[in-house]
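Notes follow once the structure below has been shown.
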Amino acid sequence: MNSAQRPAPGPQPPLVSASGVTKSYPVGGRSLVVLRELALDVDAGEMVAIMGASGVGKSTLLHVLGGLDRVDAGAITIAGTSLSSLSDQALVAFRNHHVGFVFQFHHLLPEFSALENAEMPMRIARLPLREARPRAEALLRRVGLGDRLAHRPGMLSGGEQQRVAVARALVMRPSVLLADEPTGDLDEATAESLHQLLREMHRDFGLTSIIATHNPRLADACDRVLRLQEGKLTSGRP
């Protein structure tokens, strides 16, 4: 069969898939169900916003999607790998290589420089410094911090600290970026600048991004908006 006769490729499976996901926590002697048989499919290259009231479970959702926490029931698959099939050690390695996280609070290590913080995932993966350092430096320059490489977090503004966190999230070249209220601790102008950076990095790095946010401007820039309510996701746009 020549190339002209080959059938067109069929639809690709979602890069991130959650089915029947339930997660609860013990609170005051009872079980508080945060996610209830939740379903989500995100295609490769999509940028999806998750909105919802404070305390509704957006952070919990990102934590289980990225393997930071285990589900009580259901299945989560990333790039064809079932997270529930991985041991704790294998899950840590998978997460480090395939998923980048950006949190509302940057969680940078205060005793290390911006460059050393950006290198940290590669140090955990035991990549040689001769490979890790140039990659981290290039990313920091890409996010506009080329003149802040040696600065410790306490010497950086809030927006600059979050840019280091973005570089750290992407330094292992993950396919999935999970961002939990990434601009929630920033003023409006700084938040808008970070929105633009996230959109650029999503495009330039070929990411699949899931962003929990209260910010309607950031949500409107995404391909889809979903709303988390009563443990399940519904469309956030009419």
Response to the item:
Taking the range 39-63 and the residues there that are in contact (Cβ under 8 Å) with a residue 40 or more places away in the chain, out of contact with any Asp or Glu (no Cβ under 7 Å at 6 or more places or on another chain) and part of a strand (DSSP E or B), the one that is surrounded by the most Cβ atoms within 10 Å (Cβ to Cβ) would be Ile50
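Being under 20 Å from Phe101 (Cβ atoms) and surrounded by 18 or more Cβ atoms within 10 Å (Cβ to Cβ) narrows it down to one of Leu127, Leu145, so name that one.
Details: Leu127 fails: surrounded by 18 or more Cβ atoms within 10 Å (Cβ to Cβ).
Going through Leu127, Leu145 in turn, just one is under 20 Å from Phe101 (Cβ atoms) and surrounded by 18 or more Cβ atoms within 10 Å (Cβ to Cβ): Leu145.
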Worksheet item: Between residues in the range 145-156 that are within 9 Å of Ser113 (Cα to Cα) and residues that are in a loop (DSSP other than H, G, I, E, B), which pairs lie under 6 Å by C-beta distance while being six or more apart or on different chains?
Response: Ala150/Ser113; Arg152/Ser113; Pro153/Leu108; Pro153/Pro110
Discussion item. Checking the condition closer than 21 Å to Arg224 by Cβ and among the small types (Gly, Ala, Ser), which residue from Ala90, Ala114, Ala49 passes?
Written reply: Ala49
Practice prompt. Kindly provide the set of residues from the range 64-100 that are under 23 Å from Glu37 (Cβ atoms), part of a helix (DSSP H, G or I), within 16 Å of the chain's Cα centre (by Cα) and free of Cβ contacts under 8 Å to residues at least 60 places away in the same chain, ordered by number.
Written response: Val64, Leu83, Leu91
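Residue by residue, here is whether (1) within 18 Å of Asn215 (Cα to Cα); (2) in contact with a Pro (Cβ under 6 Å, 6 or more places away or on another chain); (3) of a type in the set (A, V, I, L, M, F, W, C); (4) at pLDDT below 95 holds:
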residue	(1), (2), (3), (4)
Leu145	no, no, yes, yes
Gly158	yes, no, no, yes
Asp180	yes, no, no, yes
Leu186	yes, no, yes, yes
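The values are calculated or read from the model by the stated rules, or taken from the named source; none is laboratory data. All values reported here derive from a predicted model rather than from experimental measurement. Backbone-built Cβ (ideal geometry, glycine too); neighbour counts: all protein chains shown.
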